[in-house]
């Protein structure tokens, strides 16, 4: 198995598309080879610019992604799109978005497109997405776009696992309170008001700018610009590209890129370690019928039970 | 401090309202007294019937909660309402709902109403809500209603931490795919189509029934009924009350009540234990500047870093 993974790592680093696809499948499955894969590619990562797109269903994220792919290709940069379909924690099923439009790029060797769902393995997308991004990065991709289906907390986490996070809205997409509640104001590096040809686009942009002004009390290093686009016509996509590049330059010139990558990596290590221990805790708890019975009989309260379990694990 | 908590426990068990409020504040704050409090009250819990209400903002959950309070009081049962305002992971602020209508019950000693937010402590609402419910339970409350503000995953978890979960929708509240994605079909014990006086209420109810039929392939023990209500006029509230009581009888007669409570308790213990270890992991990671530097320098990959951390913790 070791040599198989070594070979896969080599092929990924060489930019072999089938190897990239296979490696991402290992991530999706939470396969045991993942550790060796991760160790093998890690030293080759860190050069890709990563961009996350999130926003409610129907705001046009897929069309916008396609426009960004076009823009990147017109500048001769290689692109990968990772379309994340978060699995419901209940059904175990993934709802795949419409990838048909992307078929335009199906024959372009500079474009790699992949949908991904977690199949219920530990940590879910919060761990799978950064690892998949690193595979694309190690393969020499210049520009990795991570597109999420919805805008729940899981999606916010995934889209936030990139250097530059775009939050896409559309006119009439909801009131200020909803945005504030979703916590997306805080993760946006660039706001996109898509479907700018519709009524209310100007208003939506002004609302966002107002909210940003209200939110940015402290001396902000970066104030997220609000860019109006129409992914259908291509209008505003150049401005969006410029905004993404401006943000990148800001990250690089201030050292924020290194700082935020470091912080994200440490958070990932923490999550990984915590998930492993959690698995041990689960096994220990399932094995201890006596303890479970005493909890259910209201003899041992949850806090004490947790202490007893951890003591048993030597932790 | 021990004696203070002992006294608080005694007063909670005696049903002292100020003590109940104080105890819930300790839960909110993640105060160190929590362990002693939990241990003290735990043996007095398990008698309250707990009901969770979740659903999108604007479907009328608060009005429905008030109608349920009325119904319970008309049957001479004591009621507590725990209104959960989930904190955005980013802002740390809580958006409090309008509790004005509840002032009708402000002078009724059989009604206890409390809003709750987590203040960023470990585990968030997933741990705080069950503990707060137990405080109300230990105080001798017959009927505990947990109402969430929205319908995100956190809210689904909180509402699911009850014996009977009501999912509230309103006509025109969204298409089938959205429901399926939110994972709320699976947690509902009773569906409520509120604002039944509006156009489309019958259609919404039929859509739900169809989805339930499609989802319930295996021999389901309980098929969630769909109840139409108008919280504004009180129409259908008796039917809703009956549905809640039917579900309770089902839970008790099949042993499902004991099974699901046991499963929820074990999940809670697992989360508690995992959170504690996670805190230790975080501290160890923060303290290990060398490891952090090697991760950032792409020398040690996240998986290996996690293993090294855990080895260092003796876990």
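The values are calculated or read from the model by the stated rules, or taken from the named source; none is laboratory data. None of these values were measured; they are calculated from a predicted model. Here the Cβ positions follow ideal geometry from the backbone for every residue, glycine too, while neighbour counts run over all protein chains shown.
Conditions (1) over 17 Å from the mean Cα position of the chain (by Cα); (2) farther than 23 Å from residue A:293 by Cβ; (3) within 14 Å of chain A (Cβ to nearest Cβ), marked per residue:
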| residue | (1), (2), (3) |
| --- | --- |
| B:15 | yes, yes, no |
| B:21 | yes, yes, no |
| B:44 | yes, no, yes |
| B:52 | no, yes, no |
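For region B:226-238, the candidate set comprises residues that are surrounded by fewer than 19 Cβ atoms within 10 Å (Cβ to Cβ) and modelled with pLDDT of 90 or more; within that set, the residue that is nearest to residue B:202 (Cα to Cα) is B:235. Of all residues in region A:28-44, those that are buried (at least 16 other Cβ atoms within 10 Å of the Cβ) and assigned to a helix (DSSP H, G or I) total 10.
When residue B:308 is tested against (1) under 29 Å from residue A:304 (Cβ atoms); (2) in contact (Cβ under 8 Å) with a residue 12 or more places away in the chain; (3) surrounded by 15 or more Cβ atoms within 10 Å (Cβ to Cβ), exactly one condition is not met: (1).
Rundown of residues vs (1) in the same structural domain as residue A:171 (by TED's automatic domain parsing); (2) in contact with a strand residue (DSSP E or B) (Cβ under 8 Å, 6 or more places away or on another chain); (3) more than 30 Å from residue B:290 (Cβ to Cβ), yes/no style:
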| site | (1), (2), (3) |
| --- | --- |
| A:206 | yes, no, yes |
| A:225 | yes, yes, yes |
| A:229 | yes, yes, yes |
| A:233 | yes, no, yes |
| A:249 | yes, no, yes |
| A:264 | no, no, no |
| A:295 | no, no, yes |
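Residues that are within 15 Å of residue B:48 (Cα to Cα) and out of contact with any helix residue (DSSP H, G or I) (no Cβ under 6 Å at 6 or more places or on another chain) within region B:248-271 comprise B:248, B:249, B:252, B:258, B:260, B:261, listed in sequence order. Taking the stated definitions as given, is residue A:59 modelled with pLDDT under 95, more than 16 Å from the chain's Cα centre (by Cα) and surrounded by 16 or more Cβ atoms within 10 Å (Cβ to Cβ)? Criteria met by residue A:59. Which of the residues spanning region A:1-27 are surrounded by fewer than 21 Cβ atoms within 10 Å (Cβ to Cβ) and in contact with a strand residue (DSSP E or B) (Cβ under 8 Å, 6 or more places away or on another chain)? Scanning region A:1-27 gives A:17, A:21. Of all residues in region A:149-168, those that are at pLDDT 85 or above and within 13 Å of chain B (Cβ to nearest Cβ) total 3.
Can you give me the ranges of the helices (runs of 4 or more DSSP H) entirely in region A:250-315 with at least 3 residues that are facing chain B (nearest Cβ under 7 Å) and under 18 Å from residue B:286 (Cβ atoms)? Break it down into steps so the answer makes sense when it comes.
On the way: elements: A:256-287, A:289-296, A:302-312.
Here the list reads A:256-287.
Residues that are in contact with a helix residue (DSSP H, G or I) (Cβ under 6 Å, 6 or more places away or on another chain), in a helix (DSSP H, G or I), at pLDDT 85 or above and within 19 Å of residue B:190 (Cα to Cα): does region B:72-85 have at least one? Looking for residues that are in contact with a helix residue (DSSP H, G or I) (Cβ under 6 Å, 6 or more places away or on another chain), in a helix (DSSP H, G or I), at pLDDT 85 or above and within 19 Å of residue B:190 (Cα to Cα), one finds none in region B:72-85, hence no.
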